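Remarks on the structure that follows.
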Amino acid sequence: MVNLSFFLAIVLGAAAAFFYSAEEARGGMVAWANAACSTANTLCQHSEWLALAAVVLLGVALVLKLAG
């Protein structure tokens, strides 16, 4: 369970980095960024939500690791 929590925290962090990069590259000739942000506009505008979820999940995983 703890390993799964760590894995999901890494995935959420990577998704936050992806959407942050997409928002920064949006508007130009970068097709992947335009496609990503038109599909998930809220995640591009608020990539910090994914980062916050990753930090919270990482904290939960650390507590589980220390408690178990």
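Side notes on the structure shown:
- Conditions (1) modelled with pLDDT of 95 or more; (2) small (Gly, Ala, Ser); (3) exposed (fewer than 12 other Cβ atoms within 10 Å of the Cβ): number failed by Gly27: (1)
- Cβ-Cβ under 8 Å pairs, at least 6 apart or on other chains, the range 45-63 side buried (at least 19 other Cβ atoms within 10 Å of the Cβ), far side of a type in the set (Asp, Glu) and part of a helix (DSSP H, G or I): Ser47/Glu23
- Residue pairs whose Cβ atoms lie under 6 Å apart, separated by 6 or more positions or on different chains, with the first residue in the range 10-34 and in a helix (DSSP H, G or I) and the second of a type in the set (S, T, N, Q), are Ala16/Ser47; Phe19/Ser47; Tyr20/Ser47.
- The residues in the range 30-43 that are crowded, with 17+ Cβ neighbours inside 10 Å and either hydroxyl-bearing (Ser, Thr, Tyr) or farther than 13 Å from Ala14 by Cα (or both) can be counted, and the count is 3.
- Of the numbered criteria (1) more than 9 Å from the chain's Cα centre (by Cα); (2) in contact (Cβ under 8 Å) with a residue 12 or more places away in the chain, the one Thr39 fails is (2).
The values are calculated or read from the model by the stated rules, or taken from the named source; none is laboratory data. Just so we're clear, the structure is a prediction, and the values are computed from it rather than from any experiment. Note that each Cβ is placed from the backbone with ideal geometry, even for glycine, and that neighbours are counted across all protein chains shown.
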